[in-house]
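Peer 1: First the structure, which I've put down as structure tokens, then a few questions once you've had a look.
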Amino acid sequence: MIGARRMPVPCPPPDAVVHRRALLALALWSAAAALPVAEGYARAADAPGLLSATFVRVAAGAQVLAACIAVALVLLPLTLAAAARAALRVAAPVAFASLHLALQVDRKVYALFHFHVNRMVVDLLLTPGGLASLELTRKDVTLAAAACAAALGLAAAAHAALLRRAARRPHDGAERIAWRRALAATLALLVADRGVYAAADVAARSDVARAATAVPAYGPLPVRQLWRVLTGAGGAHHPLDLLDRSRPGVGEPRYPLAPLRFRAGAPTPPIVWIVLESWRADALDDETTPVIARFARESTWFRRHASGGNSTGFGVFSMFYGIHGVYLDAFAAARQPPALLAALRARGYAFGVFSSAVLTYPALRSTVFAEVPGSIADAFEGDGAMRDRAAAAAAIAFARERASGTAPFLLALFLDSSHAPYAFPPGDAPFAPYAPNLAVAEMGSTAPVLMRNRYRNALRYEDRLVGEVLAALGPRAGEAIVVITGDHGEAFGEGGHWFHNSGFGEEQWHVPLVLRIPGRGPGVRDDLTRHVDLAPTLVEVLGGEDPAADRALGRSLLEPPEHGRHAVVCGWAACAIIEDDDTTTVFANGIDESTRLTAHGPRYEPRDPSAAPRLLMGILDEMRRFVR
């Protein structure tokens, strides 16, 4: 028709625009796909109230969205050139699939252990022997490969579909508006959740602070310190201010404060030090560990004994040094040995250190046994049960070589079967039914009673090995100092916690201690004792003359029981004060500032942390005493 207006022909978008549209759409699709992961964080959080429950869901969702947008921004320059856009077709699915897998792994880690992928996890992966300590099964490898393939396949398919969709839309400049809106929404969510955290922090709402620890890579706004400076609220000795100023255990070792000396003619008896992995106190009984239980009734049995850590490194460090585990990193960097073992070496002791788990992770080769690397045997093959058998056989040979002599020696044996997945020989399972040999991915989803039975079977096997080692002492058994204990405990779902290094409930810090000292009769102690008391005890038995405070924070177990005491238990992100009434006060150790001051009972029931300053100031001083 003459004079009729022609409709404009839609202009196809340039290739760069198509890729920018698809990249933003892929970021938003990835964020939506990760919302179940965000909800998983929220369900694992300690968020009992409406405010904390709402906060943790918004904060977790905001972090996931921010992570996806951040990945998109990193990839955005690849949309500018044709060659780069070809690479983007591969890079975008790989990047978003990797992010999704990382979130899934981190959520699983948090659900089991109540911490995120952190320096400890990185150390575990990179330190020789760390990855082997996980004892990954073929099923673990298969599940990991399948998850990677599925995530990459879904991301690639989504990216291809979004590219086709973006190419069909006309070029109208709307992608710039979409990017601005996505950035503004992300920023608004981040500001909102951090605003809620800041307000709750100023109001001392510890429930929000606890909930925030469930959010990955969460960095709350540091307004509490500014608020107290401006208003004077909280006073000069408010416990949270103490934590803000504290960097416990950081610095160059200043240890011991004075040389360790022994009186003339002091005894040099053999010392046998046996540590069972993950051995919780209620697993020392006539059914689970009959050999050790019988030995305990012939020795001194400490029935309320606290490890110095909820993981191996901190627990073992505290027992050999007599100081808090928070010093571990500083002492490892300086290769500072414990005063007790250095003194034994100077007095002519032979060392035999046998471990079925390699002692590079945790860093026991560079701390406890730094001066005796040639005395360490920890390169054993097979599963936990096979390695335990080999380590015990080596320890037995060491003991038999010295059974008829008089020279002093220290035999240290670390057994690992009772570490998850709890290994024992086929057919040697008195406790049934028990869980099958689980993949790591399945741990925490199996009935606790089945996991507990598997654990008890592993301990029963270790118990038999301990009996064989003690028998190998022969005629020197009566003159030997014998220590049998656990590095830390083990959780089986108590309070939502699993395994160890996941919390400070009693099941993770309360361990057995059996101590036999020549010339002392059997006995039972029910007062609170600690791993940091072991080194001072042995120094006293061996004739040490100097005050224990020069090198230790514990006191000799030969002293009369003292009620009203407390223990300090350290982990990777926090430490805890265990009081005589089982009140557990958890505080940041300077690594993870999201860990705030909280208190609970032995089964994680909330308690009032207001009494914490009474002990916290002194403990923080203890955590700085041996560094400069």
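The values are calculated or read from the model by the stated rules, or taken from the named source; none is laboratory data. Keep in mind the model is a prediction, meaning the values are calculated, not measured. When we count neighbours, we look across all protein chains shown, and the Cβ atoms used for this are built from the backbone with ideal geometry, even at glycine. Heads up: the accessible areas ignore ligands, DNA and RNA and are worked out on the full protein's heavy atoms, side chains in. Shrake-Rupley method; radii C 1.70, N 1.55, O 1.52, S 1.80 Å.
Peer 1: Inspect segment 500-517 for any residue being under 20 Å from the mean Cα position of the chain (by Cα), under 30 Å from Thr584 (Cα atoms), open to solvent by 30 Å² or more (accessible area, probe 1.4 Å) and not β-branched (Val, Ile, Thr) and give the result as yes or no.
Peer 2: There is at least one residue in segment 500-517 that is under 20 Å from the mean Cα position of the chain (by Cα), under 30 Å from Thr584 (Cα atoms), open to solvent by 30 Å² or more (accessible area, probe 1.4 Å) and not β-branched (Val, Ile, Thr).
Peer 1: May I ask you to list the residues in segment 360-384 that are within 23 Å of Pro253 (Cα to Cα) and either at pLDDT 95 or above or surrounded by fewer than 20 Cβ atoms within 10 Å (Cβ to Cβ) (or both)?
Peer 2: Across segment 360-384, the qualifying residues are Thr360, Leu364, Arg365, Ser366, Thr367, Val368, Phe369, Ala370, Glu371, Val372, Pro373.
Peer 1: OK, next. Which condition from (1) open to solvent by 10 Å² or more (accessible area, probe 1.4 Å); (2) on the phi > 0 side of the Ramachandran plot is the one that Thr268 breaks?
Peer 2: (2)
Peer 1: Can you tell me which residue is modelled with the lowest pLDDT among those in segment 593-625 that are part of a loop (DSSP other than H, G, I, E, B) and open to solvent by 50 Å² or more (accessible area, probe 1.4 Å)?
Peer 2: Per the stated criteria, the residue is Glu593.
Peer 1: Okay, moving on. Do you know which residues across segment 400-427 are of a type in the set (Gly, Ala, Ser), closer than 21 Å to Ala342 by Cβ and open to solvent by 10 Å² or more (accessible area, probe 1.4 Å)?
Peer 2: Matches in segment 400-427: Ala407 only.
Peer 1: For segment 509-561, name all the residues that are in contact (Cβ under 8 Å) with a residue 24 or more places away in the chain and either in contact with a Cys (Cβ under 9 Å, 6 or more places away or on another chain) or acidic (Asp, Glu) (or both).
Peer 2: Asp526, Asp527, Asp533, Glu545, Asp546, Asp550
Peer 1: Applying the selection to segment 70-86, what residues are at pLDDT below 95 and among the small types (Gly, Ala, Ser)?
Peer 2: Ala81, Ala82, Ala83, Ala84, Ala86, listed by residue number.
Peer 1: Among the residues of segment 93-117, count how many are open to solvent by less than 60 Å² (accessible area, probe 1.4 Å) and assigned to a loop (DSSP other than H, G, I, E, B).
Peer 2: Summing the residues that are open to solvent by less than 60 Å² (accessible area, probe 1.4 Å) and assigned to a loop (DSSP other than H, G, I, E, B) in segment 93-117 gives 3.
Peer 1: Sticking with this structure for a sec: Six or more apart or on different chains, Cβ under 9 Å: which pairs go from a residue in segment 327-343 that's without any contact (Cβ under 8 Å) to a residue 24 or more places away in the chain to one that's in a helix (DSSP H, G or I) and of a type in the set (A, V, I, L, M, F, W, C)? Could you list them?
Peer 2: Every condition considered, no pair remains.
Peer 1: Additional query: Return only the number of the condition from (1) at pLDDT 95 or above; (2) farther than 14 Å from Ala281 by Cβ; (3) surrounded by fewer than 23 Cβ atoms within 10 Å (Cβ to Cβ) that Arg525 does not satisfy.
Peer 2: Looking at each condition in turn, Arg525 falls short on (2).
Peer 1: One residue is enough: does segment 471-493 have a residue meeting the conditions assigned to a helix (DSSP H, G or I), within 25 Å of Thr312 (Cβ to Cβ) and among the acidic types (Asp, Glu)?
Peer 2: Checked segment 471-493: no residue is assigned to a helix (DSSP H, G or I), within 25 Å of Thr312 (Cβ to Cβ) and among the acidic types (Asp, Glu).
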